[in-house]
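The values are calculated or read from the model by the stated rules, or taken from the named source; none is laboratory data. Source: prediction; values computed, not measured. No Cβ is skipped: glycine too gets one built from the backbone with ideal geometry, and neighbour counts run over all protein chains shown.
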Amino acid sequence: MLHPRDLAGCEHRLALDVAHPDLVRDRPQPPDVARRTEAAGRHRDRVRDLLASMHTDQPGAFVVIDPGPTPQRAEATLAACAAGAEWIWNATLPTDRATGRRGHSELLVRVDGGYLPVIVVNHRVSYPAKTRRDLAGEPTVFRTSPLWGWVPTPDPYRVGRNHRRDQLRLAQLTQMLLDAGLAAADDEEQLRAGVIGLDADCIVVHRMQPLLDDYRTVFERRQAIAAGRLVTTPRRIGECRSCVWWGRCGPELAERRDISLVAAGNQADALAEIGLTTIDQLAHHRGPAPVNWPGNVAFDDAIVNAIAWLTDTPLIRRHERPQVARADVEVDVDMESFGEDGAYLWGTLLTDNVDTDRPVVYRAFATWDPLPTRDEARSFAEFWRWLMVERRQAHEAGKTFAAYCYSQQAENRWLLGSADRFAGAPGIPRRKEVEAFIGSAEWVDIYEAVGTNFICPQGKGLKKIAPVAGFTWRDAEAGGAASMDWYRAAVGIGDAVLDLTQRDRLLEYNEDDVQATKVLREWMDSADVLRLPTAAELLACRGADDADVVDSAENDSPATDPAATAESGAVDSDAQDSDARDSDAGDAAVTGSVVPDSEAGGAQRVEERAAADEGQRAE
């Protein structure tokens, strides 16, 4: 029996789940998964209450199926359908053992005598369009429906963002409605379904006919895997980081020195076409790149990653002399948020490189009112006012100024979002003012500088890179996921018991993050960084014994002219890393399924991707 969640992601995970059902049933839910599940549950409860309130003048129109065993919920759902209920919440369709399908939809909406599924998800499914779109010339018109009724209309003010899992789930539910004779239409071209996302301001409408064609292909393949007719093997992909089976797959991949440990999914596919399936083969390869090698990644970077894996080299210089923007007055900035509820802390560390008598001071601008709260506007306004005053005073003193962050996607999102959400509140800057600052040369992303200057086999996350520069966090448990639990206790939300000591822990963690960015930047600009081997040195060592490679590179490293510059290197394949501070994904970070299929997603604009990634983490 396949649930919609079995249709996306790692195929080998599905095979292991089916082969070991007892382990799946008994294994505890990881804390980060539990947090996302709880957040998604709260979001769905809010949407349920909102929708129910819109139909209070129509008794019986909005039916809520009570929680309970699956057969009981399915029976109640069919009864509500037979009674002609307009909206059915917590709908469960009968498990179809003949076809191997099961599924549940937050909503079934009655249309033309039948029903269509509307699911509720805890990530964004649309964004405001930058300008009003002219839909007349578009082959597929983006449509939304208001929450109060099913009225799909062209929407020129929004841009959709498709999620593979959402589409497969809608397709399975639609197929189950078709099989049960409950669908809103027999003609698949007329079938529609909907998604209510994080903003819960509309229903995004999906045409189901093209999704059904793709779904049936995927479903057939996944059924073959679940039945053991199609054998899978492990292969490192993005979801391995949080997969309970990694303890089994990881050692197996390492033992056979599998190419997926250093090359992304599409990279590994291209390498396999020319017979390169192990790290050793790639590390010693001197031939040309595969014909199908992805153009956004330099082929030599993949070879360097392989050599680095064999020699346990954590970081490699792309150029003789790394370059990083410096200023007379430097401010390191780090923001802490709680899911989609808001940013509760802006931490800063100011260093005056001209006035050396001025102490380096950490300043935190925080609200400890549980998010969401209007007090967030106060803390953000105080942070912004302080930052702009320091900037102005530096300029007035004839000093250069720069503010630094690590992966600006998150900071930019909340800088812009705070300006929008709290517009008009005391001290809140206009959006244009924020846009001008983050678009200037005075807002520097050290994460991007790391990618430009280094190849990072173990990942570009701050927790991976800063230790190479000599920095360590005071709290061994420091990390984005742990900070979520600390925050819950710090403000006493949910089931957490109020623990004021967790506020100090969060402040220490935030202070260490800005200290880490400062240490990393200064190290990149020092002679110490020249101790790292360069990519050219590692490439020159191809064919040598693994143990000799790093020694040779270190002995050959020249005392480089600090003024030397070099052109920027290729884009790393982990540029889509959604959590740069804590990620362990290296320049070989990958996404996709174990066996190549059509499940690859498209690239998103930076601002959209940052928002969507944070939303996905909250699901």
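Observations on the model:
- The residues listed here are 373, 356, 400; of these, the one that is touching a Gly at 6+ places or on another chain (Cβ under 9 Å), under 25 Å from residue 511 (Cα atoms), polar (S, T, N, Q) and surrounded by fewer than 21 Cβ atoms within 10 Å (Cβ to Cβ) is 373.
- Screening the candidates 322, 294 for the property of being at pLDDT below 95 and either of a type outside the set (Gly, Ala, Ser) or touching a Lys or Arg at 6+ places or on another chain (Cβ under 8 Å) (or both) yields one hit, 294.
- Count of the stretch 24-47 residues, restricted to those that are in a helix (DSSP H, G or I), touching a residue at least 40 places away in the same chain (Cβ under 8 Å) and farther than 19 Å from residue 487 by Cβ, is 3.
- Any hit, the stretch 369-377, residues being closer than 30 Å to residue 288 by Cα, without any contact (Cβ under 8 Å) to a residue 24 or more places away in the chain and of a type outside the set (Lys, Arg): no
- Residue 124 being in contact with a strand residue (DSSP E or B) (Cβ under 8 Å, 6 or more places away or on another chain) and either within 22 Å of residue 151 (Cβ to Cβ) or buried (at least 19 other Cβ atoms within 10 Å of the Cβ) (or both): no
- Residue check, residue 76 assigned to a helix (DSSP H, G or I), modelled with pLDDT of 95 or more, farther than 30 Å from residue 338 by Cβ and not aromatic (Phe, Trp, Tyr): yes
- Any chance residue 153 is farther than 26 Å from residue 52 by Cβ, surrounded by fewer than 18 Cβ atoms within 10 Å (Cβ to Cβ) and hydroxyl-bearing (Ser, Thr, Tyr): no
- Looking at the stretch 141-218, the strands (runs of 3 or more DSSP E) lying wholly inside it that each contain 1 or more residues that are in contact with a His (Cβ under 6 Å, 6 or more places away or on another chain) sit at 192-196.
For (1) out of contact with any helix residue (DSSP H, G or I) (no Cβ under 9 Å at 6 or more places or on another chain); (2) not hydrophobic (A, V, I, L, M, F, W, C), each residue gets a yes or a no:
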{"position": "4", "(1), (2)": "no, yes"}
{"position": "7", "(1), (2)": "no, no"}
{"position": "12", "(1), (2)": "no, yes"}
{"position": "19", "(1), (2)": "yes, no"}
{"position": "22", "(1), (2)": "yes, yes"}
{"position": "31", "(1), (2)": "no, yes"}
{"position": "40", "(1), (2)": "yes, no"}
{"position": "45", "(1), (2)": "yes, yes"}
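- Annotation: of all residues in the stretch 295-309 being in contact (Cβ under 8 Å) with a residue 40 or more places away in the chain and assigned to a loop (DSSP other than H, G, I, E, B), the one that is surrounded by the most Cβ atoms within 10 Å (Cβ to Cβ) is 297.
- Residue among 19, 40, 52, 61 that is within 20 Å of the chain's Cα centre (by Cα) and outside the structural domain of residue 249 (by TED's automatic domain parsing): 40
- Inter-residue pairs, beta-carbon under 6 Å, first hydrophobic (A, V, I, L, M, F, W, C) and in the stretch 162-176, second part of a helix (DSSP H, G or I), 6+ apart: 168/4; 168/7; 168/215; 171/211; 171/212; 171/215
- Residue match in the stretch 327-341 (condition: modelled with pLDDT of 95 or more, assigned to a loop (DSSP other than H, G, I, E, B) and in contact with a helix residue (DSSP H, G or I) (Cβ under 9 Å, 6 or more places away or on another chain)): yes
- Scanning the stretch 34-49 for residues that are among the aliphatic types (A, V, I, L, M) and surrounded by fewer than 14 Cβ atoms within 10 Å (Cβ to Cβ) returns a single hit, 34.
- Test set (1) free of Cβ contacts under 8 Å to residues at least 40 places away in the same chain; (2) surrounded by fewer than 19 Cβ atoms within 10 Å (Cβ to Cβ); (3) in contact with a helix residue (DSSP H, G or I) (Cβ under 8 Å, 6 or more places away or on another chain); (4) closer than 22 Å to residue 8 by Cα - residue 141 fails condition number: (4)
- Residues being farther than 20 Å from residue 334 by Cα, assigned to a helix (DSSP H, G or I) and without any contact (Cβ under 8 Å) to a residue 12 or more places away in the chain - total across the stretch 422-463: 1
- No other residue among 378, 363, 391 is charged (D, E, K, R), modelled with pLDDT of 95 or more and in a strand (DSSP E or B) apart from 363.
- Residue 512 being surrounded by fewer than 18 Cβ atoms within 10 Å (Cβ to Cβ) and not basic (Lys, Arg): no
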